[in-house]
Amino acid sequence: MSDLNPTVAELVERSNRLGADPKNTNYAGGNTSAKGTETDPVTGEDVELLWVKGSGGDLGTLTPGGLAVLRLDRMRALVDVYPGVEREDEMVAAFDYCLHGKGGAAPSIDTAMHGLVDAAHVDHLHPDSGIAIATAADGEQLTKEAFGDKVVWVPWRRPGFQLGLDIAAIKEANPQAIGCILGGHGITAWGDTSAKAEKNSLWIIRTADRYIKQHSKKLPFGARVKKYEPLPPAKRRARAAEVAPLLRGVASQDRPMVGHFTDDRVVLDFLASRNMPRLAELGTSCPDHFLRTKVKPMVLDVAPGASMDKVRERVAELHEAYRADYAAYYDRNASQDSPAMRGADPLIILVPGVGMFSYGKDKQTARVAGEFYVNAINVMRGAEGLSTYAPIDESEKFRIEYWALEEAKLQRMPKPKPLASRVALVTGAASGIGLATAKKLASEGACVVIADLSLEKAQSAAAGIGSSDVAVGVQVDVSDAAAVQAAVDATVLAFGGVDLVVNNAGLSLSRSLLDTTEKDWDLQHDVMAKGSFLVAQAAAKAMIDQGIGGDIVYISSKNSIFAGPNNVAYGAAKADQAHQVRLLAAELGEHGIKVNGVNPDGVVQGSGIFASGWGANRAAVYGVEEQDLGKFYAQRTILKREVLPDNIANAVFVLCSDELSHTTGLHIPVDAGVAAAFLR
Ligand SMILES: NC(=O)c1ccc[n+]([C@@H]2O[C@H](COP(=O)([O-])OP(=O)(O)OC[C@H]3O[C@@H](n4cnc5c(N)ncnc54)[C@H](O)[C@@H]3O)[C@@H](O)[C@H]2O)c1
Ligand SMILES: [Zn+2]
């Protein structure tokens, strides 16, 4: 590897600085470029190159690998073969013929703007302040007033080759200009050095911000609406948890979605204002925004204290109306060769007094959709403060949403993992079988909540699995009904809902009948029999509200059917759990909820149960050394294999996967074969 070209190093540093401040651009929004020279390995001569942020990726974390590298002479030669705006999309494929070497990242649609503008360094950004002016009804006039002749107005045009030509012409005609406001969309700035471009970008962003602050009317969103004032924080979260499953069901009618909740001040203020319904209806404007938020949100227009019956009824009406409205939007705008409608459920649901739910195929997508709607609220506040918010026309939104290039991007996406967009709650998951199960479910695409007695252990187990977009840890004592409800609430607030519940929490006291105390009996039954009942009950309530089925898996035991020695309290509690599987399978089937169990045996490795006395006890009962217990158990089995936590985790996964979609009320033994525990 040759040393990094200084032009590239400078570009990456500038991009990272710009991308680090959310005031400058939304997550993964905007792109930057630099033109410079490198030695052409073929000729040994200097060659002029364009480095430009490729498709996807975020400026804040851009690395040289995220840049597309094009030959500037060839890129600019495209102007001569450009067939006109009607066929501008063809130019994206033509970029591939301009690549230098392997070309780096895939060139994005904005490549033309960067290549054609005659400046060594170009930034295209989506700052809330800039978009506010870009979406104001009199944006052109405001641009003059705010920036004088240093910044030029460019009327809305869909990103592409023609927009690049427009901006290049504007720069040429306005030598004094440092950049432009792109109507309905964002800003572009340039400079002959990297530092100049950065300075110019920041000047436009900050000047716009200052201009809005100085000239905005007092209440851009109108007077406050009493009925929609935010609930106090604790009540707000409780209400959010109450409505979350219902709303996830709304967002997931066409395909299951992960949810994200925020009760950010910006959101609550917007929701409690008179003009919110009108503005929400107008939808977002910047292409980046509405690709993730859909053209408009659904607004749950009931007071935050309304009864759940009222909420249920209204949600059903609003959902139906939203779907009809979306289908009508599709029908109005689709042409013969438009891609098929992608689903008519909302991606943003606003709940006045409570907050905002946003949805996506995974947690990151859901979270970013929410962030983008916050960007859109800031944009609307700025635009309404100065003038009237006037986003681009719905026909233009449609063209972008159903753009052939966008569709191709979606088609290129890798096939989702088997448990993608499903949310799992695993009890006792800080250790042993539960931890292995949580890891397995996450590796198959699920979001997981690790619930265990110790918050610290639960959180550190979650951190070991991934970021909070993948796993979170919560404290729970499953024998306490309020704590169980709180854990289910935390799950639906973290990921929007709950689909897979694993009743794994447990402990084992190995005592003979005469040695078993009443307290022993109660503890075994409280944690395992009652605990799994409480968890199943609270989770099933949420699942029924969601209306998209679900799975409950019990980690029972070989001992639920096998009469092991000195085991009355544990074995009886396990038998109780095993029968819950059958009872609940019968009861919850009508909601599409499957209930199954796994009967493990002899899982010594990683098991806290074995490490904390039970292992020593069993070893003594069987007359072997404690460290040989795993091997001893293996020898008693038909397959002569030691059972590991991963073997149990795999069984849980299979029960939850589509492969066993028609199986409920089943127990799978994972014991390497124990004839005395065969099921019949
Ligand atoms: N290890 C085996 O051979 C085996 C065999 C059959 C069944 N099981 C069952 O598998 C499950 C997991 O066992 P393991 O071997 O992984 O044990 P483990 O001790 O490693 O894990 C059990 C976890 O449950 C948690 N827990 C205990 N009481 C709780 C409560 N009240 N609320 C919330 N969490 C609680 C513990 O803190 C622990 O992290 C248990 O239900 C056990 O009965 C294990
Ligand atoms: Zn853009």
(request) Of the numbered conditions (1) within 13 Å of ligand 2 (Cβ to nearest atom); (2) of a type in the set (S, T, N, Q); (3) surrounded by 24 or more Cβ atoms within 10 Å (Cβ to Cβ), SER129 fails exactly one; give the number of that condition. (result) (1)
(message) Test of understanding: among GLN577, GLN475, which residue is open to solvent by 20 Å² or more (accessible area, probe 1.4 Å), touching a Ser or Thr at 6+ places or on another chain (Cβ under 9 Å) and within 13 Å of ligand 1 (Cβ to nearest atom)?
(response) GLN475
(message) Under 7 Å between Cβ atoms, which residue pairs at least 6 apart in sequence (or on different chains) link something in region 427-453 that is free of Cβ contacts under 8 Å to residues at least 60 places away in the same chain and near ligand 1 (Cβ under 9 Å from one of its atoms) with a partner that is assigned to a loop (DSSP other than H, G, I, E, B) and not β-branched (Val, Ile, Thr)?
(response) ALA430/SER454; ALA451/ALA429; ASP452/GLY428; ASP452/ALA429; ASP452/ALA430; LEU453/ASP477
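Only one of these is closer than 28 Å to GLY30 by Cβ and at pLDDT 95 or above: LYS217, LYS213. Name it. Quick ask: steps written out before the conclusion?
On the way: LYS217 fails: closer than 28 Å to GLY30 by Cβ.
Of the residues listed, the single one that is closer than 28 Å to GLY30 by Cβ and at pLDDT 95 or above is LYS213.
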(request) Give region 290-318 a look and list any residue that's farther than 24 Å from ASN375 by Cα and assigned to a helix (DSSP H, G or I), or say none. (result) MET308, ASP309, LYS310, VAL311, ARG312, GLU313, ARG314, VAL315, ALA316, GLU317, LEU318
(request) Given the conditions (1) farther than 28 Å from ASP209 by Cα; (2) more than 16 Å from ligand 2 (Cβ to nearest atom), report the number of the one that PRO107 does not fulfil. (result) (2)
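Of all residues in region 385-442, count the ones that are among the charged types (D, E, K, R) and within 22 Å of GLY160 (Cβ to Cβ). So that I can check it myself, show each step before the final result.
Of region 385-442, the ones among the charged types (D, E, K, R) are 393-394, 396-397, 399, 401, 406-407, 409, 412, 415, 417, 422, 439-440.
The next check asks that each one be within 22 Å of GLY160 (Cβ to Cβ); those that pass are 393-394, 396-397, 399, 401, 406-407, 409, 412.
Total meeting the criteria: 10.
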(message) Looking only at region 252-282, how many residues end up being open to solvent by less than 10 Å² (accessible area, probe 1.4 Å) and in contact (Cβ under 8 Å) with a residue 60 or more places away in the chain?
(response) 11
(request) Give me a count of the residues in region 603-637 that are under 45 Å from the mean Cα position of the chain (by Cα) and either within 16 Å of ligand 2 (Cβ to nearest atom) or β-branched (Val, Ile, Thr) (or both). (result) 4
(request) Scan region 155-167 residue by residue and report those that are open to solvent by less than 20 Å² (accessible area, probe 1.4 Å) and in a helix (DSSP H, G or I). (result) PHE161, LEU163, GLY164, ILE167
(request) Could you list, in sequence order, all residues of region 1-41 that are of a type in the set (A, V, I, L, M), at pLDDT 95 or above and not in a helix (DSSP H, G or I)? (result) ALA34
(request) Scan region 198-209 and give yes if some residue there is open to solvent by less than 20 Å² (accessible area, probe 1.4 Å), over 20 Å from ALA137 (Cβ atoms) and not in a helix (DSSP H, G or I), otherwise no. (result) no
(request) Could you check PHE398 against (1) surrounded by fewer than 24 Cβ atoms within 10 Å (Cβ to Cβ); (2) touching a residue at least 40 places away in the same chain (Cβ under 8 Å); (3) within 21 Å of the chain's Cα centre (by Cα) and say which number it fails? (result) (3)
(request) Within region 434-472, count every residue that is in a helix (DSSP H, G or I) and either open to solvent by less than 20 Å² (accessible area, probe 1.4 Å) or of a type outside the set (Ser, Thr, Tyr) (or both). (result) 19
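For region 537-545, state whether one or more residues are modelled with pLDDT of 90 or more and in contact with a Pro (Cβ under 6 Å, 6 or more places away or on another chain). It would help to see each step written out before you state the result.
Taking region 537-545 and keeping what is modelled with pLDDT of 90 or more, we get 537-545.
Subset that is in contact with a Pro (Cβ under 6 Å, 6 or more places away or on another chain): 542, 545.
The answer is yes; a qualifying residue exists.
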(request) Determine which single condition VAL152 fails, assuming it passes every other condition in (1) in a strand (DSSP E or B); (2) within 16 Å of ligand 2 (Cβ to nearest atom). (result) (2)
(request) Hey, could you check region 75-120 for residues that are of a type in the set (Ser, Thr, Tyr) and in a helix (DSSP H, G or I) and say which is least open to solvent (accessible area, probe 1.4 Å)? (result) THR111
(request) Run ALA542 past the list (1) open to solvent by 60 Å² or more (accessible area, probe 1.4 Å); (2) within 35 Å of the chain's Cα centre (by Cα); (3) of a type in the set (Gly, Ala, Ser) and report the number of the one that doesn't hold. (result) (1)
(message) Looking only at region 502-529, filter to residues that are more than 9 Å from ligand 1 (Cβ to nearest atom) and hydroxyl-bearing (Ser, Thr, Tyr); which one of those is most open to solvent (accessible area, probe 1.4 Å)?
(response) THR517
(message) Can you tell me how many residues within region 46-72 are at pLDDT 95 or above, within 16 Å of ASP96 (Cβ to Cβ) and surrounded by fewer than 19 Cβ atoms within 10 Å (Cβ to Cβ)?
(response) 1
(request) Scan region 319-376 for residues that are in a loop (DSSP other than H, G, I, E, B), open to solvent by less than 20 Å² (accessible area, probe 1.4 Å) and closer than 16 Å to GLU281 by Cα and jot them down. (result) ALA344, ASP345, PRO346, PRO352
(request) Considering only region 475-519, state which residues are assigned to a helix (DSSP H, G or I) and either within 16 Å of ligand 2 (Cβ to nearest atom) or among the charged types (D, E, K, R) (or both). (result) ASP489, GLU518, LYS519
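The values are calculated or read from the model by the stated rules, or taken from the named source; none is laboratory data. What you see is a predicted model; the values in this text were computed from it and never measured. Don't worry about glycine lacking a Cβ; one is built from the backbone with ideal geometry, like all the others, and counts go over all protein chains shown. Just the protein is used for accessible areas: all its heavy atoms, side chains included, with ligands, DNA and RNA removed. Shrake-Rupley method; radii C 1.70, N 1.55, O 1.52, S 1.80 Å.
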